[in-house]
Amino acid sequence: MINNIPTDELFASGHRACAGCGQALAVRLVMKAAGKNTIVANATGCLEVFSTPYPETSWRVPWIHGAFETAASVASGVDKALVKQKKRKKVNLLAFGGDGGTFDIGFQALSGAAERGHKLTYVCFDNGAYMNTGIQRSGATPKYAATTTSPAGKKIHGKTEFKKPMPLIMAAHGCYVATASVAFPHDLIKKVQKALKHKGLSYVQVFSPCIPGWGIPSNMSIESAKLAFKTKITPLFEVENGIVTITNRPSKELPVEEYLSRQKRFKHLSQKEIDDVQSHVDTEWEKLAHLEETKVRIS
């Protein structure tokens with residue numbers, strides 16, 4: 001242990017992720033939380049591509065690559081196989097997907113796995129677009145962000161819709177849900193370990209900055225994640241038994257412009273659009289705080 005973080009590296013160095021990749025760091029931390037008795041089902045995406053260029057691999061645990069939309073369904077099959085072999089209690093089962101393979105094309109498999117009650121922890125690495133295939137807009141892309149399929153021009157200023165509230169959607173399935181960030185390693189590890197102990201499907205969404213997709217320097221990944229937290233764009237919370245708990249609050253709140261102004265994907269924003277984002281962030285935070293205060297069950 002170093003500062004209460006395991007030193008074992010189950011996700012080996014030497015992979016081909018971009019310098020400063022938030023997802024690569026997130027995977028290292030998730031694997032430290034899960035330990036060596038773990039099986040991973042991985043959807044197609046950046047993680048699969050940069051960690052397993054044939055004949056090499058960064059995985060020091062059993063790892064299965066499935067199609068873009070099938071991480072949850074592949075993991076469901078592994079769950080059933082482990083039950084049949086009477087090994088289910090000995091193994092941690094993880095399903096990994098990016099936001100495109102989770103919020104959008106993989107949602108059917110994820111929702112079905114939750115409804116059937118499979119015991120697995122699904123980890124979504126949220127970088128806000130389909131980054132591996134060329135930075136296309138996803139359901140996780142923030143409003144006004146420029147992508148190759150929601151470009152910023154004279155008539156259209158990036159994506160026209162706000163981000164899908166995926167953690168609350170999964171909470172409505174009755175799952176244990178947690179949001180985490182690469183900027184807070186101890187919080188991330190604690191939540192993954194808690195998720196692995198829950199019966200049925202648990203869902204952890206990890207905020208993972210993308211260097212080329214966001215247009216930030218390679219040394220700004222963690223700083224960008226911290227700014228997202230301080231501006232309340234990415235609140236850290238968990239939902240257990242349908243009850244919301246905000247697990248960490250910024251000691252000093254910053255305006256969203258502090259976060260937006262440092263990324264090329266938002267460089268075209270007008271003050272009116274920045275104000276629109278600020279209003280939305282404030283409203284969503286108030287909703288979350290209200291759910292925590294009233295202890296209204298989501299599921």
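Here V239, V277 are screened, and the one residue that is surrounded by 14 or more Cβ atoms within 10 Å (Cβ to Cβ), closer than 30 Å to G77 by Cβ and either in contact (Cβ under 8 Å) with a residue 60 or more places away in the chain or touching a Cys at 6+ places or on another chain (Cβ under 8 Å) (or both) is V239. State whether the residues of the range 172-186 include one that is buried (at least 24 other Cβ atoms within 10 Å of the Cβ), within 30 Å of K264 (Cβ to Cβ), touching a strand residue (DSSP E or B) at 6+ places or on another chain (Cβ under 7 Å) and among the hydroxyl-bearing types (S, T, Y). Yes, there is a match, as at least one residue in the range 172-186 is buried (at least 24 other Cβ atoms within 10 Å of the Cβ), within 30 Å of K264 (Cβ to Cβ), touching a strand residue (DSSP E or B) at 6+ places or on another chain (Cβ under 7 Å) and among the hydroxyl-bearing types (S, T, Y). Among the residues of the range 1-39, those that are of a type outside the set (S, T, N, Q), under 23 Å from L110 (Cβ atoms) and touching a helix residue (DSSP H, G or I) at 6+ places or on another chain (Cβ under 8 Å) comprise F11, G22, A24, A26, V27, L29, V30, A33, A34, I39. Step by step: first the residues of the range 117-170, then only those that are polar (S, T, N, Q) and touching a Cys at 6+ places or on another chain (Cβ under 7 Å), then the one that is modelled with the lowest pLDDT. Which residue is that? If we take residues in the range 117-170 being polar (S, T, N, Q) and touching a Cys at 6+ places or on another chain (Cβ under 7 Å), then N132 is modelled with the lowest pLDDT. Given the conditions (1) in contact with a strand residue (DSSP E or B) (Cβ under 8 Å, 6 or more places away or on another chain); (2) aliphatic (A, V, I, L, M); (3) farther than 24 Å from P212 by Cα, report the number of the one that L269 does not fulfil. Only one criterion is unmet by L269, namely (3).
Filtering the range 168-195 to residues that are part of a helix (DSSP H, G or I), over 15 Å from the mean Cα position of the chain (by Cα) and farther than 11 Å from V30 by Cα leaves only K194.
Conditions tested, residue by residue: (1) buried (at least 18 other Cβ atoms within 10 Å of the Cβ); (2) free of Cβ contacts under 8 Å to residues at least 60 places away in the same chain; (3) in a loop (DSSP other than H, G, I, E, B).
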{"position": "S111", "(1), (2), (3)": "no, no, no"}
{"position": "E115", "(1), (2), (3)": "no, yes, no"}
{"position": "T121", "(1), (2), (3)": "yes, no, no"}
{"position": "G128", "(1), (2), (3)": "yes, no, yes"}
{"position": "T141", "(1), (2), (3)": "yes, yes, yes"}
{"position": "A146", "(1), (2), (3)": "yes, no, yes"}
{"position": "E161", "(1), (2), (3)": "no, yes, yes"}
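Only a single criterion out of (1) in contact (Cβ under 8 Å) with a residue 40 or more places away in the chain; (2) within 29 Å of P142 (Cβ to Cβ) is not satisfied by R16, namely (1). Residues that are exposed (fewer than 13 other Cβ atoms within 10 Å of the Cβ) and more than 19 Å from the chain's Cα centre (by Cα) number at least 1 in the following helices (runs of 4 or more DSSP H) confined to the range 1-88: 71-84. Screening the candidates K191, K226, K199 for the property of being buried (at least 24 other Cβ atoms within 10 Å of the Cβ) and charged (D, E, K, R) yields one hit, K191. When the criteria are applied in full, E48 fails the requirement of being acidic (D, E) and more than 30 Å from E161 (Cα to Cα). Within the bounds of the range 96-108, is there any residue that is at pLDDT 95 or above, small (G, A, S) and either under 16 Å from V61 (Cβ atoms) or assigned to a strand (DSSP E or B) (or both)? Scanning the range 96-108, I find at least one residue that is at pLDDT 95 or above, small (G, A, S) and either under 16 Å from V61 (Cβ atoms) or assigned to a strand (DSSP E or B) (or both), so the answer is yes. All conditions in (1) under 22 Å from T283 (Cβ atoms); (2) of a type outside the set (S, T, N, Q); (3) in contact with an Asp or Glu (Cβ under 6 Å, 6 or more places away or on another chain) hold for K164, with the sole exception of (3).
The values are calculated or read from the model by the stated rules, or taken from the named source; none is laboratory data. What you see is a predicted model, and the numbers here were worked out from it, not measured in a lab. No Cβ is skipped: glycine too gets one built from the backbone with ideal geometry, and neighbour counts run over all protein chains shown.
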